[in-house]
Amino acid sequence: MSEDASSYPPIEPSNFDLIVLGTGLPESMIAAATSANNKTVLHLDPNPFYGSHYASLSLPDLSTFLNSHSTPPPPPPSTPSDCHDYTPLPLTPRPLYSHVEISSYAPEVLDEHSRKFNIDLCGPRVLFCADKSIDLILKSGANQYIDFKSIDASFVCDENGRLKNVPDSRAAIFKDKSLGLTEKNQLMRFFKLVQQHLADANERISEEDLESPFVEFLKKMRLPPKIKSYGLGIVFCDLLLIWCFLGDASFCAGDVIMLDGIILYAIALADYDQDNVEVCEDVLKTKDGIDRLALYNSSVGRFPNALGAFIYPIYGHGELPQAFCRRAAVKGCIHVLRMPVIALLMDKCTGHYKGVRLSSGQDLFSHQLILDPSFIVPLPLASSPPDSLRENLQILGLGDVKRKVARGICITRRSLRPDTSNFLVVYPPRCKIKFYCYYCSLLNEMR
């Protein structure tokens, strides 16, 4: 914090319908929705910026933030219980990052340009143009405070470590010479089956297939092996054109059955290795895979200035929570940054939540509370809390999270593709680079 919270004037009023701690995307959306329903909302954040762990930060700020959030915080200040009818329980942040390592091979260049671009803490993450989150942004009016940029191209890394184009438009499909007429005809047949299923036609996918792993369904469709290495961006709106163009090109039944990784990882955006369903932590079912194909289809060309399926906040993912915060402020929400909450106030008799205690010493009260998941409430060590209090803490969702995600952020001097500056690269599991990630190059203007 840049200044002592105790120097802040008291917040008025002191009673609210909802107090929200943390300005991350989920918290900001809830604050905006609650404010729009004529409820009084107080939105607090200990950071000097909006977005919490969804923020977009400059390189110096990113280094400071990661290092400060990768070590255990100091013990919270004492919160003595007084004559009130509530008990303060210490609230402390927990480190969400570990093993942070920052290396620079060109420090002079980075120092010169470090303020010309931002880096997303939680991304970069692309959004489908037809995703429900985009519908929510439009319906809430938050789109007035945020601009999006189209992802100009998508690539997938093949087994040899080379980037192959994923066609996502009519022009790209017919320009791509890597697929022959036979392969395109086979893909057309596959997507026609999916299209008929979605249209409730007579030729529907069986319930047994819908409940099976999507990877098994793709194998069953006998897609050609070349597709695994090259690309599959063919969408339903292109089927008629391809059908007319190909005529009655024959289906090559002798092709070797191989999994089309591009469908799973570049279009369906599966999170885990789907090849080994026995050990996969999150197996994508066929019915879910079909829904994602439909989402991809409806996303392509939805907006006039975004010809592909994906868009991205032009100034980073941190613009999303800021847009909802601005929308909430228009509806009367009070925002206070640089204001840590040091304790929750719990009723002594019932164990129900009553309010929060700020680092300035002020107690504020509300009917409901939304907590950033990076905060924990350690139970008192001296005595066992009442059952009602323990149950309420469990409802708050303050359990330990053991799972972790390995992430790497690479800043390049120039785009990975000389002719494209804004694109998505998918590294499927088991590819030669030996890791799986999404990479979005946004370095054209060093934004």
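In the stretch 5-41, what count of residues is obtained for those that are outside any helix (DSSP H, G or I) and among the small types (Gly, Ala, Ser)?
Filtering the stretch 5-41 for residues outside any helix (DSSP H, G or I) gives 8-24, 37-41.
Applying the additional criterion that residues be among the small types (Gly, Ala, Ser) yields 14, 22, 24.
Residues meeting the conditions: 3.
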Selection count where residues are surrounded by fewer than 23 Cβ atoms within 10 Å (Cβ to Cβ), under 21 Å from the mean Cα position of the chain (by Cα) and not aromatic (Phe, Trp, Tyr), scope the stretch 30-60:
7
For the stretch 111-211, list the helices (runs of 4 or more DSSP H) that sit wholly inside it and hold at least 2 residues that are among the polar types (S, T, N, Q) and modelled with pLDDT of 75 or more; which are they?
132-140
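Give the stretch 277-326 a look and list any residue that's acidic (Asp, Glu) and either more than 20 Å from the chain's Cα centre (by Cα) or not in a loop (DSSP other than H, G, I, E, B) (or both), or say none. Let's see the steps before the verdict.
Just the residues of the stretch 277-326 that are acidic (Asp, Glu), to begin with: 278, 281-282, 288, 291, 319.
Correct list: GLU278, ASP288, ASP291, GLU319.
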Name the residues in the stretch 329-375 that are crowded, with 19+ Cβ neighbours inside 10 Å and farther than 28 Å from ASN37 by Cα, would you?
ILE342, SER359
Of those in the stretch 105-155 that are over 30 Å from VAL300 (Cβ atoms) and loosely packed, with under 12 Cβ neighbours inside 10 Å, the residue farthest from the chain's Cα centre (by Cα) is GLU108
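Can we say ASP347 is at pLDDT 70 or above, under 25 Å from LEU21 (Cβ atoms) and touching a Gly at 6+ places or on another chain (Cβ under 6 Å)?
no
Within the group SER298, SER366, which residue is polar (S, T, N, Q), within 29 Å of ARG94 (Cα to Cα) and in contact (Cβ under 8 Å) with a residue 60 or more places away in the chain?
Working: SER298 fails: within 29 Å of ARG94 (Cα to Cα).
Just one listed residue meets the conditions, SER366.
Mind checking which residues of the stretch 286-295 are in contact (Cβ under 8 Å) with a residue 24 or more places away in the chain and surrounded by fewer than 18 Cβ atoms within 10 Å (Cβ to Cβ)? Full working, then the answer.
Restricting attention to the stretch 286-295, the residues satisfying the condition of being in contact (Cβ under 8 Å) with a residue 24 or more places away in the chain are 286-290, 292-295.
Answer for the stretch 286-295, where residues must be in contact (Cβ under 8 Å) with a residue 24 or more places away in the chain and surrounded by fewer than 18 Cβ atoms within 10 Å (Cβ to Cβ): LYS287, ASP288, ALA294.
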Do we have any residue at all in the stretch 330-341 that's in contact with a Lys or Arg (Cβ under 9 Å, 6 or more places away or on another chain), among the aliphatic types (A, V, I, L, M) and at pLDDT below 90?
no
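The values are calculated or read from the model by the stated rules, or taken from the named source; none is laboratory data. Because the structure is predicted, anything quoted here is derived from the model rather than measured. When we count neighbours, we look across all protein chains shown, and the Cβ atoms used for this are built from the backbone with ideal geometry, even at glycine.
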